[in-house]
Amino acid sequence: MLQERNLFAVYNPKGSSENPYEPHFDPEDPERATLIIPVFFLYPQYATSDVIARFVEDTTFSAHIHQMFPPGAPPPIWDTAGEYTANTLVVYAMTRRKRLLKVGKKMTLRDVCNAAKAKEGEPEDGLELKDGCLTFVVIPKGEVEQGWVDDFKRTRDS
């Protein structure tokens, strides 16, 4: 199930997981073809995160972002600059081989898994399922985004 979706399980070296969630097939899908995967949204600008315990793989990222950061709503308490609204955010995924994928608003989780696959003739690649969760970075477009991308590339290449 994981390999078909270009997912690579990374296990906790201590052997124990504190995550009560794990990927599983949607019990409402009689064909058992739709995965539900726990997802972390990281906000590196504020060193905080959210967990989406049940991210259905055919759901778009924008559906979650719009629910969490609706335009016109008060910002989360940690967003001191008020930059986190659905229309100003971008989402990034990091692959096993340290490629950076910008997640389009209309992309589903399944689309991102497919995009993470290595090109023909290249070493295997995909998303890392760490401790049963996928991780995505959510940041405001513009200067904050560019700074984070530059930092990622600098640390990746060093």
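We did not get these values from a lab; they are worked out from the coordinates using the rules stated. Remember, it's a predicted structure, so these values are computed and weren't measured experimentally. Cβ atoms come from the backbone with ideal geometry, glycine included; neighbour counts cover every protein chain shown.
If you take all other residues with their beta carbon under 12 Å from the beta carbon of THR34, and give Lys and Arg +1 and Asp and Glu -1, the sum is -2. Our Cα-only numbers for region 99-140 put the radius of gyration and Dmax at 11.3, 35 Å. Helix content alone sets the calculated 222 nm mean residue ellipticity of the chain: runs of n ≥ 4 DSSP H residues at -39500 (n - 2.57) each, divided across all residues, give -5500 deg cm²/dmol.
The three principal axes of the Cα atoms in the chain give end-to-end lengths of 42, 42, 33 Å, sorted in falling order. Backbone phi angles across region 134-142, fed through the Karplus curve with coefficients 6.51, -1.76 and 1.60 (θ = phi - 60°), yield HN-Hα couplings of 8, 10, 10, 9, 10, 9, x, 4, x Hz in residue order; Gly and Pro are listed as x. Separation of the alpha carbons by more than 26 angstrom is noted, of LYS130/LYS153; LYS14/LYS119; LYS102/LYS130; LYS98/LYS141, for LYS14/LYS119. Annotation: amide H-H contacts under 5 Å for ASP125 (H modelled 1.01 Å from N, sequence separation of 5 or more, or interchain): ALA118.
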